[in-house]
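Read through the structure below, which is laid out as structure tokens, and then see the notes.
The values are calculated or read from the model by the stated rules, or taken from the named source; none is laboratory data. Everything quoted here is computed from the prediction, not taken from an experiment. Here Cβ is always computed from backbone atoms with ideal geometry, including for glycine, and neighbour counts include all displayed protein chains.
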Amino acid sequence: MRIHYKRQGRLKEVAPSYRSNEQIRVPEVRVIDEKGETLGVLKTAEALALAREREYDLVEVSPLAVPPVCRLLDFGAFRYQKDKEFRQQRAHAKRVEVKGIRLSVKMGEHDFEVRLARALEFLEAGQKLKIEIILRGREKAHGELAIQRIKEFMALIGKKYELFIEQEIKRTGGNVSAIVGRKS
């Protein structure tokens, strides 16, 4: 079994991380107590002592603020809630894939119609299309025929859906391609 050398896994989305207790390294923090009331700006050591006294964790919820904002709360429950929100957000995120449709300069009319029907299905599902023609032999000398064929294909799709062009028709070596999507 041959594995392509360029094959790479998808980058995994990482849930945001929060510093807590001794991980907080700034000298002063703005503290919000467990009831949501602002206690003001305190030294980090004082805020930590206050959190321990009330049996809570000091969690940095807004690290970019000046001074950073920290809350007194149960860190385990907080992290669980944030992970749950992140997972739910990822589940509801719409993943758009680029589906490929490969045409040919010498393609028959029926094959062309089959590819057109498949392309319309992909666009209906909200996917993007990469329309591609690979030129072989003497076809490489007549790249304008491939460009004309892709324009014809895009015009037929355009009759049903309004398209946006993500990548113009482009020739790279023996390959002519364009990427299009459906306007919402």
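List of remarks:
- Qualifying positions in region 57-75 - within 15 Å of residue 23 (Cα to Cα) and of a type outside the set (A, V, I, L, M): 57, 60, 62, 63, 68, 70, 71, 75
- Matching residues in region 120-144 - criterion: being closer than 17 Å to residue 101 by Cα and aliphatic (A, V, I, L, M): 120, 123, 125, 129, 131, 133, 134, 135
- Yes/no for residue 147 being farther than 30 Å from residue 19 by Cα, touching a Lys or Arg at 6+ places or on another chain (Cβ under 8 Å), modelled with pLDDT of 90 or more and outside the structural domain of residue 59 (by TED's automatic domain parsing): yes
- So residue 162, is it touching a Lys or Arg at 6+ places or on another chain (Cβ under 7 Å), more than 13 Å from residue 178 (Cα to Cα) and free of Cβ contacts under 8 Å to residues at least 24 places away in the same chain: yes
- Restricting attention to region 101-132, the residues that are of a type in the set (D, E, K, R), closer than 19 Å to residue 169 by Cα and without any contact (Cβ under 8 Å) to a residue 40 or more places away in the chain add up to 3.
- Taken over region 51-63, the criterion of being aliphatic (A, V, I, L, M) and closer than 16 Å to residue 27 by Cβ is satisfied by 58 alone.
- Evaluation of residue 102 against (1) at pLDDT 90 or above; (2) closer than 30 Å to residue 18 by Cα; (3) of a type outside the set (A, V, I, L, M) (one fails), failing number: (2)
- Candidate set: region 55-85, residues that are touching a helix residue (DSSP H, G or I) at 6+ places or on another chain (Cβ under 9 Å) and among the β-branched types (Val, Ile, Thr); chosen: the one surrounded by the most Cβ atoms within 10 Å (Cβ to Cβ): 59
- Yes/no for residue 179 being farther than 17 Å from residue 117 by Cβ and in contact (Cβ under 8 Å) with a residue 60 or more places away in the chain: yes
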